[in-house]
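Asker: There's a structure below that I have some questions on.
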Amino acid sequence: MDFRTPDIDWAALAPVLVLMGTSAFVLLVGVFLPRGARRGFSATFTALGLLCAAIAAGILFAQDETASLTLRESIWRDRLAEMAQILVCGAGLLAVGVSYWERRAPVDDDGTEAPADEHERIVELYALLLAAVGGMAFFVQADNLMALFLGLEWFSIALYILTAISVHRLSSLEAGLKYLIVGSFGSAILLFGSAFVYGATGALEFRAIAEASGDAERLFLVAGLALILVGLAFKMSAAPFHMWTPDVYQGAPTSITAFMAAATKVAALVLTMRVLTTAFPGEEELWTWGLAGIACVSLVWGNLAALVQTDVKRLLAYSSVSHAGFLLMPIAAGNELGGRALLFYLVSYAAMSVGSFAIVAARERELRRPVTLENLGGFGWERPFYGVTMAVFMFGFIGLPPAGLFLGKFYAFAAAYERGWTWLVIVGVLGTVISIYYYLGVIAAMYMRPAEARVAPAGGSPPRDLPLATTVFLALIVTVGSLVAADPLIDLMRDAVASLTFPH
Amino acid sequence: MLGPGIASYLIVSVVLFGIGSLGVLVRRSPLIVLLSLELMLNSANLTLIAFSRHVGGEDGQIFALAVMVVAASEAVVGLGLIVAMSRFTVDLDVDKLRMLRG
């Protein structure tokens with residue numbers, strides 16, 4: 001019998017392999033360590049693994065002048081994937097800092113101390129975090145509908161468990177189950193769409209789909225494309241497929257929310273751009289208009305719903321729905337400027353998402369209860385560093401300096417304008433205007449509540465939390481740095497999208 | 001080619017997908033919802049296999065095998081969550097799960 005091993009470019013898989021290897025290592029070794037040593041051990045190695053994976057992706061980014069395919073043409077080795085991997089690993093790295101002390105004194109829904117065995121699940125948390133990042137790193141490389149679906153489920157299943165990892169809190173379990181049901185519903189829709197595209201074109205590989213789409217059965221191809229778009233919209237939490245987002249963001253442990261808000265968006269949006277431009281260039285009329293529609297709905301719905309929220313995590317969840325709208329704008333524009341705008345936007349958006357949820361986590365740990373606009377009162381005066389940083393993030397989400405999102409939003413609007421879609425720019429500006437109200441509301445809650453309305457931290461002075469403070473500081477540096485170093489960053493993003501061919 | 005044509009398979013799988021998504025949207029027990037999700041995934045499998053035979057490649061069948069693995073892991077996580085929730089002795093009814101709302 002003739003048995004040959006396929007020719008595999010292992011270097012292209014290096015980031016994924018490092019992440020999964022570290023995940024297995026942390027899980028297997030962590031079990032044998034004494035309880036006291038587990039937290040330090042697993043967090044250290046998780047951070048190291050994420051750093052190594054990001055460095056590997058960075059080295060590949062420097063080397064790969066041209067894009068290539070490997071694993072029987074099912075995954076890409078190109079700069080777009082490597083840039084997305086760096087971003088996802090960065091978000092994971094920041095999440096390690098947020099989660100380090102999260103479970104030092106876990107609380108139940110009613111504010112009482114959780115049972116002691118809660119302290120044990122720290123190893124699982126970090127192993128799953130690594131697995132989720134590994135899944136995303138694989139997902140953004142996909143060049144095949146099968147790799148796309150498997151990568152999607154790989155990181156989604158890890159995220160379902162991470163959401164529900166505080167098993168002593170019913171709200172965490174509820175969020176996990178809701179995420180599982182709605183997330184799997186979205187994945188099933190995406191899979192059904194993939195099956196139809198396969199039936200229409202007889203191919204699973206993206207470029208083969210594009211080649212065969214000329215004489216494909218139109219009905220199957222269009223239905224398949226629409227279903228794939230809907231499935232991806234579920235993952236990036238764009239309205240009207242966002243209904244899971246507020247519940248899951250609110251119920252999940254805050255460190256996991258921070259990670260999900262940043263990393264899932266990066267992975268889902270980068271892959272959406274890749275699959276649409278690579279596999280469906282002939283149907284660009286359909287998907288550019290479809291995405292523009294989803295973007296409008298997200299902008300309107302996300303911003304309006306955020307106005308009435310009182311829970312800060314829910315408020316930020318709706319803000320992330322509205323940002324899905326802003327992020328879809330450059331993809332819908334379908335031009336090279338849009339590709340650059342998307343990646344540039346994602347850098348500061350990811351940093352600000354993790355940073356703002358980290359600050360919510362800081363307040364949560366002081367009060368031992370969910371953070372609302374009400375009990376945020378006085379936080380800005382009590383913790384000046386967090387207060388000022390949160391204000392920078394909130395101004396940044398609006399699109400004001402000193403955050404890089406200032407330019408990111410400008411580029412996103414410019415991409416839509418270049419396409420000739422002034423109406424989309426107007427919707428975007430209107431969304432921004434609405435959003436000023438609730439973002440400033442957070443700042444007002446921190447600084448302008450009268451002293452008697454303040455809630456005292458439980459148990460005296462707040463605990464020292466160096467990993468969390470470092471994370472917030474790093475997020476601030478990336479947020480401001482992406483504005484300061486905007487020029488070189490945009491050049492990098494131009495290289496990153498060079499392997500894609502845009503329809504406009 | 002033996003057996004019924006591609007159209008019959010497609011009709012069955014679209015009907016299955018419809019039943020599955022209806023089940024997810026209207027049924028209340030999380031167990032039935034998980035079951036409906038499996039139905040949706042398996043209807044996609046049927047489509048893949050039918051198309052695979054229709055276009056004459058084996059890609060679709062390999063895809064279907066991979067989907068079965070994914071479906072199994074999803075069911076494991078889902079059932080695990082339901083067991084963990086049942087320790088709180090709450091009614092297993094997705095309409096009553098409404099601690100998280102705003």
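So that you can scan it fast, the table gives a plain yes or no per residue for (1) under 14 Å from B:Glu74 (Cβ atoms); (2) at the interface with chain B (Cβ under 10 Å from one of its Cβ atoms); (3) modelled with pLDDT under 95:
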| position | (1), (2), (3) |
| --- | --- |
| A:Val133 | no, no, no |
| A:Gln141 | no, no, yes |
| A:Ser156 | yes, yes, no |
| A:Val167 | no, yes, yes |
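Asker: Right, here's the next one. Within the set of pairs 6+ apart or on separate chains, which have a first residue in the stretch B:80-91 that is at the interface with chain A (Cβ under 8 Å from one of its Cβ atoms), a second that is at pLDDT 90 or above and open to solvent by 20 Å² or more (accessible area, probe 1.4 Å), and C-beta atoms under 7 Å apart?
Answerer: Hits for this filter: B:Ile82/B:Leu31.
Asker: Sort out which residues of the stretch B:27-38 are open to solvent by 60 Å² or more (accessible area, probe 1.4 Å) and facing chain A (nearest Cβ under 10 Å), and write them in order of number.
Answerer: Hits for the stretch B:27-38: nothing passes.
Asker: Follow-up question, since we're still on this one. Would you mind telling me which numbered condition in (1) in a helix (DSSP H, G or I); (2) touching a residue at least 60 places away in the same chain (Cβ under 8 Å); (3) more than 19 Å from B:Val69 (Cα to Cα); (4) more than 7 Å from chain B (Cβ to nearest Cβ) A:Ala200 fails?
Answerer: So the condition that A:Ala200 fails would be (2).
Asker: While we're looking at this one, here's another question. Output the qualifying pairs, or none if there are none: Cβ atoms under 8 angstrom, residues six or more apart or on different chains, first residue in the stretch A:126-138 and more than 8 Å from A:Ala158 (Cβ to Cβ), second residue outside any helix (DSSP H, G or I) and not acidic (Asp, Glu).
Answerer: As it stands, the answer is A:Phe138/A:Ile75, since those pairs meet every condition given.
Asker: Still on this structure, I have one more. Taking the stretch A:232-263 as the region of interest, how many residues are within 23 Å of A:Leu130 (Cα to Cα), of a type outside the set (Ser, Thr, Tyr) and assigned to a helix (DSSP H, G or I)?
Answerer: 13
Asker: A further question follows. Report, by residue number, each residue of the stretch A:243-273 that is touching a helix residue (DSSP H, G or I) at 6+ places or on another chain (Cβ under 6 Å) and open to solvent by 10 Å² or more (accessible area, probe 1.4 Å).
Answerer: The answer is A:Trp244, A:Asp247, A:Gln250.
Asker: Is there a residue in the stretch B:47-58 that is surrounded by fewer than 19 Cβ atoms within 10 Å (Cβ to Cβ), of a type in the set (Val, Ile, Thr) and not in a helix (DSSP H, G or I)?
Answerer: No, the conditions are met nowhere in the stretch B:47-58.
Asker: Can you tell which of A:Leu150, A:Leu125, A:Leu162 is assigned to a helix (DSSP H, G or I), touching a Ser or Thr at 6+ places or on another chain (Cβ under 7 Å) and among the aliphatic types (A, V, I, L, M)?
Answerer: None of the other options fit; the residue is A:Leu125.
Asker: Ok, one more. Which residues, counting only those in the stretch A:179-190, are surrounded by fewer than 24 Cβ atoms within 10 Å (Cβ to Cβ) and at the interface with another protein chain (Cβ under 7 Å from one of its Cβ atoms)?
Answerer: Residues satisfying the conditions are A:Ile181, A:Phe185.
Asker: A further question on this structure: When the residues of the stretch A:299-327 are filtered to those that are away from chain B (no Cβ under 14 Å) and of a type in the set (Gly, Ala, Ser), which remaining residue is surrounded by the fewest Cβ atoms within 10 Å (Cβ to Cβ)?
Answerer: A:Ala324
Asker: Considering only the stretch A:66-80, I want to know if a residue exists there that is closer than 30 Å to A:Ala496 by Cβ and in a helix (DSSP H, G or I).
Answerer: Checking the stretch A:66-80: at least one residue is closer than 30 Å to A:Ala496 by Cβ and in a helix (DSSP H, G or I).
Asker: Which one of B:Val55, B:Val14, B:Val69, B:Val24 is under 19 Å from A:Tyr179 (Cα atoms) and either at pLDDT 95 or above or at the interface with another protein chain (Cβ under 10 Å from one of its Cβ atoms) (or both)?
Answerer: Numbers: B:Val55 fails: under 19 Å from A:Tyr179 (Cα atoms); B:Val14 fails: under 19 Å from A:Tyr179 (Cα atoms); B:Val69 fails: under 19 Å from A:Tyr179 (Cα atoms).
From the options B:Val55, B:Val14, B:Val69, B:Val24, the qualifying one is B:Val24.
Asker: In the stretch B:39-49, which residue that is over 11 Å from the mean Cα position of the chain (by Cα) and facing another protein chain (nearest Cβ under 8 Å) is farthest from A:Leu204 (Cα to Cα)?
Answerer: Out of the qualifying residues, it is B:Thr47.
Asker: Let me ask something else about it. Could you figure out which of (1) assigned to a helix (DSSP H, G or I); (2) on the phi > 0 side of the Ramachandran plot isn't true of B:Gly3?
Answerer: (1)
Asker: Scan the stretch B:8-26 for residues that are of a type in the set (Gly, Ala, Ser) and open to solvent by 30 Å² or more (accessible area, probe 1.4 Å) and jot them down. Spell out how you get there, then give the answer.
Answerer: At the first step, the residues of the stretch B:8-26 found to be of a type in the set (Gly, Ala, Ser) are B:8, B:13, B:18, B:20-21, B:23.
B:Ser8, B:Gly18, listed by residue number.
Asker: Residues A:Gly224, A:Gly176, A:Gly193, A:Gly199: which one is surrounded by 22 or more Cβ atoms within 10 Å (Cβ to Cβ) and within 22 Å of the chain's Cα centre (by Cα)? Spell out the reasoning first.
Answerer: Values: A:Gly224 fails: within 22 Å of the chain's Cα centre (by Cα); A:Gly193 fails: within 22 Å of the chain's Cα centre (by Cα); A:Gly199 fails: within 22 Å of the chain's Cα centre (by Cα).
Answer to the check: A:Gly176.
Asker: When you scan the stretch A:330-347, do you find a residue that is open to solvent by 10 Å² or more (accessible area, probe 1.4 Å), in a helix (DSSP H, G or I), closer than 20 Å to A:Val392 by Cβ and in contact with a helix residue (DSSP H, G or I) (Cβ under 8 Å, 6 or more places away or on another chain), even just one?
Answerer: Looking through the stretch A:330-347, at least one residue is open to solvent by 10 Å² or more (accessible area, probe 1.4 Å), in a helix (DSSP H, G or I), closer than 20 Å to A:Val392 by Cβ and in contact with a helix residue (DSSP H, G or I) (Cβ under 8 Å, 6 or more places away or on another chain).
The values are calculated or read from the model by the stated rules, or taken from the named source; none is laboratory data. A quick note: this is a predicted structure, and the numbers were derived from the prediction, not measured. Cβ sites come from the backbone with ideal geometry, for glycine too, and all protein chains shown count toward neighbours. These accessible areas exclude ligands, DNA and RNA; they are computed on the full protein's heavy atoms, side chains included. Shrake-Rupley method; radii C 1.70, N 1.55, O 1.52, S 1.80 Å.
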